[in-house]
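Remarks on the structure that follows.
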Amino acid sequence: IKKQIKNFSHFMLYPAQYWSHKNHIYIMRAIKILSKKTNLNIGVVFTGSNKGNLDYLRIFAKKNKIEEKIIFFNFVSDSDLANLYKKCLFVVMTSFFGPSNLPPLEGFKFGKPVIYPKINSFIKEFKDSPIYVDLNDPNSMVKEVIKLLDDTKYFNLHVQKGFEYLEKRKVYN
């Protein structure tokens with residue numbers, strides 16, 4: 001894992017099974033836009049078991065010439081996943097379903113900002129802890145990624161809000 005992620009100066013982490021409703025494609029579209037708009041060497045690490053969508057995602061990455069920005073891991077051990085959480089810049093979760101997903105909570109626990117879908121039930125649960133993006137517009141994620149990289153106060157604010165959410169909910173105490 002260390003060997004594969006060393007090529008990224010920064011990476012986002014999305015630990016989710018490779019089902020289509022997990023919406024990995026949205027992140028890949030954002031990576032494509034980021035690659036065209038900026039010189040940022042930011043990638044994405046996906047982890048999970050193939051549930052029928054992995055070949056499609058690999059083909060999309062190759063067709064869009066972003067395969068060097070994406071690492072597709074299978075299911076990883078708990079210790080490897082913990083290390084990925086520690087090393088990532090932030091966590092992204094673009095699933096259409098939730099809000100009861102573990103990656104945002106784990107991201108908060110590891111002190112990482114979390115990018116999450118702007119869906120009413122998600123907002124109702126998490127309030128202003130995550131950074132919300134429009135799942136119909138990958139540019140909304142691009143804007144937030146750039147802001148996270150450029151604005152240390154914004155980055156730290158969302159780390160703090162994640163810790164406050166966990167404390168308030170007594171999660172991982």
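The values are calculated or read from the model by the stated rules, or taken from the named source; none is laboratory data. The structure presented is a predicted model; accordingly, all values stated were derived computationally and were not measured. Cβ atoms come from the backbone with ideal geometry, glycine included; neighbour counts cover every protein chain shown. Note: accessible area is taken over every heavy atom of the protein model, side chains too, but ligands, DNA and RNA are not part of it. Shrake-Rupley method; radii C 1.70, N 1.55, O 1.52, S 1.80 Å.
Residue count for region 107-133, restricted to those that are farther than 26 Å from Asn39 by Cα and open to solvent by 40 Å² or more (accessible area, probe 1.4 Å): 11.
Scanning region 40-56 for residues that are open to solvent by 40 Å² or more (accessible area, probe 1.4 Å), more than 21 Å from Ile115 (Cα to Cα) and not small (Gly, Ala, Ser) turns up Asn50, Lys51, Asp55, Tyr56.
Of all residues in region 99-108, which are at pLDDT 90 or above and under 10 Å from the mean Cα position of the chain (by Cα)?
We begin by selecting, within region 99-108, every residue at pLDDT 90 or above; these are 104-108.
Answer for region 99-108, where residues must be at pLDDT 90 or above and under 10 Å from the mean Cα position of the chain (by Cα): Pro104, Gly107.
In the set (1) assigned to a loop (DSSP other than H, G, I, E, B); (2) closer than 21 Å to Ile1 by Cα; (3) in contact with a strand residue (DSSP E or B) (Cβ under 8 Å, 6 or more places away or on another chain), the condition left unmet by Gly43 is number (1). Restricting the search to region 147-172, which residues are among the β-branched types (Val, Ile, Thr) and at pLDDT below 95? Hit for region 147-172 is Val171, nothing else. State all residues of region 134-165 that are among the aliphatic types (A, V, I, L, M), under 13 Å from Val114 (Cα atoms) and touching a helix residue (DSSP H, G or I) at 6+ places or on another chain (Cβ under 9 Å); if no residue qualifies, say none. Matches in region 134-165: Met141, Val145, Leu148, Val159. The condition (being buried (at least 18 other Cβ atoms within 10 Å of the Cβ) and at pLDDT 95 or above) is satisfied by just one residue among Tyr18, Tyr14: Tyr14. Against the numbered list (1) under 20 Å from Asp150 (Cβ atoms); (2) not hydroxyl-bearing (Ser, Thr, Tyr); (3) not in a helix (DSSP H, G or I), Gly52 comes up short only at (1).
From the list Phe96, Phe122, the lone residue that is in contact with a His (Cβ under 6 Å, 6 or more places away or on another chain), of a type outside the set (S, T, N, Q) and modelled with pLDDT under 95 is Phe96. Take the residues in region 134-154 that are open to solvent by 40 Å² or more (accessible area, probe 1.4 Å), of a type outside the set (Lys, Arg) and part of a helix (DSSP H, G or I), then tell me which one is nearest to Ser121 (Cα to Cα). The extreme case among them is Asn139. Filtering region 57-80 down to residues that are hydrophobic (A, V, I, L, M, F, W, C), farther than 22 Å from Thr38 by Cβ and at pLDDT 95 or above, which residue is surrounded by the fewest Cβ atoms within 10 Å (Cβ to Cβ)? Here the residue is Ile59.
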